[in-house]
Amino acid sequence: MDTNTTPDTVRQPRSVERLVAGTPTSDGAGVKLTRVLTQPLQRRLDPFLMLDAFGTDNPDDYIAGFPDHPHRGFETVTYMIAGRLRHRDSAGHEGLLQNGGVQWMTAGRGLVHSELPEQEEGRMEGFQLWLNLPSDQKLCDPGYWDIASEQIPELQTAEGVRARVIAGSSHGVAGAMQREHTEPLYLDLHLPPGAAFEQALPATHNAFAYVYRGALRIGETDVPLQRMAILRNEAGSDGVRLQAGAEGARALLIAGRPLNEPIAQYGPFVMNSNEQIFQAVEDFRAGRFA
């Protein structure tokens, strides 16, 4: 863990535009989850398309997993807090996602993959984020990165906040992944009771925070457990300041540069036009995915 960090100085922090409660749903072969970032928010939180949170101690809620299913046109980022998932895909990639690890998959022109639990009891908890690809990369070669927990850089601030830097950079610490076009920031923040954390953000980037333990305060807004705070895009803002409540907090802080391109989605395919969606369906049915 890096304690020799360069503090992010925020002089004009963003405020909260609104709070969002996720929608309980199921996906795959009946895995129960909460869809936090839903399709109606895709334009507002461009380049992010979806955020699912899953967490249960009941094996019946997750044991069937996510059997073979296709993707095209975006990236999936799965962050496991607890549990074990085995990944296999049609490009020959395979990996085991375990506690604290990240699976970063670029679907590109097309992949068929599965994510199946490798446990029969105990807690399964984590998140899956969908990150859009720019139009000129939607048909790129598929890619896969299996990032173990110990490969994720961490930092600790003077107030004792521990930040896991999954993507982007924070306080001078570069994250495990970098993306040129969308410039995503993905932090997992562990805040002791009452501690504050500042993060620099470009004013043009869309950003949100999701609280999965305890509670936060951002500006004048209290952000309770299992709520997403969409941060207001304010001219002149240079970052965000988060402060934990009396019991501390754990939260995801996610931001990225919007692509400002048309979004056409049909289930697991995300392209820029309906014609491209029709082609994706045809290619999948014809077995043309990797």
Item to check | Ranked packing of 169-176, 139-146, most packed first, by mean Cβ within 10 Å | outcome: 169-176, 139-146
Item to check | Dipole of the range 1-107, positive end: most advanced residue of 12, 30, 100 [Cβ charges, Cα centre] | outcome: 12
Checklist entry - For a paramagnetic label modelled at 7 Å from the Cα of residue 204 toward its Cβ, which residues of the range 170-193 fall within the zone defined by backbone nitrogen distances under 18 Å? => result 179-185
Checklist outcome for this item: So the carbon and sulfur contribution to the accessible area of the chain, 1.4 Å probe, in percent, is 46 percent
Checklist outcome for this item: Cα extents of the range 23-114 per principal axis, largest first, Å, are 35, 33, 24
Checklist outcome for this item: With the dipole of the range 203-290 defined by +1 on each Lys or Arg Cβ and -1 on each Asp or Glu Cβ, the option from 233, 251, 276 whose Cα lies farthest towards the positive pole is 251
Checklist entry - How about the range 217-290: which GluC sites (Glu not before Pro) there are in a DSSP loop, with at most 16 other Cβ atoms within 10 Å of their Cβ? => result 220, 234
Checklist entry - Of the peptides 95-106, 21-32, how do they stack up when ordered by the mean number of other Cβ atoms within 10 Å, highest first? => result 95-106, 21-32
Checklist entry - Over the chain, what per residue volume does the convex hull of the Cα atoms give, in whole Å³? => result 119 Å³
Checklist entry - What list of ³J(HN,Hα) couplings, whole Hz, do you get for the range 240-253 from phi and the Karplus terms 6.51, -1.76, 1.60, once you set θ to phi - 60° and write x for glycine and proline? => result 9, 10, 10, 10, 6, x, 5, 9, x, 7, 10, 8, 9, 10
Checklist entry - Over the chain, what relative contact order in percent results from Cα pairs under 8 Å that are six or more residues apart? => result 22 percent
Checklist entry - Given the C-alpha centroids of the range 77-127 and the range 1-19, what is the distance between them in whole angstrom? => result 30 Å
Item to check | Potential lengthening between residue 260 and residue 181 on full extension [0.36 nm per residue; Cα-Cα distance subtracted] | outcome: 27.3 nm
Checklist entry - On average, how much accessible surface per residue is there in the chain, in Å², for a 1.4 Å probe, leaving out ligands, DNA and RNA? => result 42 Å²
Item to check | Cut-off 13 Å (backbone N to label point 7 Å along Cα→Cβ of residue 121), residues of the range 57-89 | outcome: 58-60
Next on the checklist: Could you give the length gained by full extension between residue 9 and residue 69, i.e. 0.36 nm per residue of separation minus their alpha carbon distance, to one decimal place?
Outcome noted: 17.2 nm
Next on the checklist: If I fit a long axis through the Cα atoms of helix 274-285 and take the longest principal axis of the Cα atoms of the chain, what angle between them do I get, 0 to 90°, rounded to 10?
Outcome noted: 60 degrees
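The values are calculated or read from the model by the stated rules, or taken from the named source; none is laboratory data. Since this is a predicted model, take the numbers as computed values, not measurements. Virtual Cβ from ideal backbone geometry, glycine too; neighbours counted across all protein chains shown. Side chains included, ligands, DNA and RNA excluded: accessible areas come from the protein's heavy atoms. Shrake-Rupley method; radii C 1.70, N 1.55, O 1.52, S 1.80 Å.
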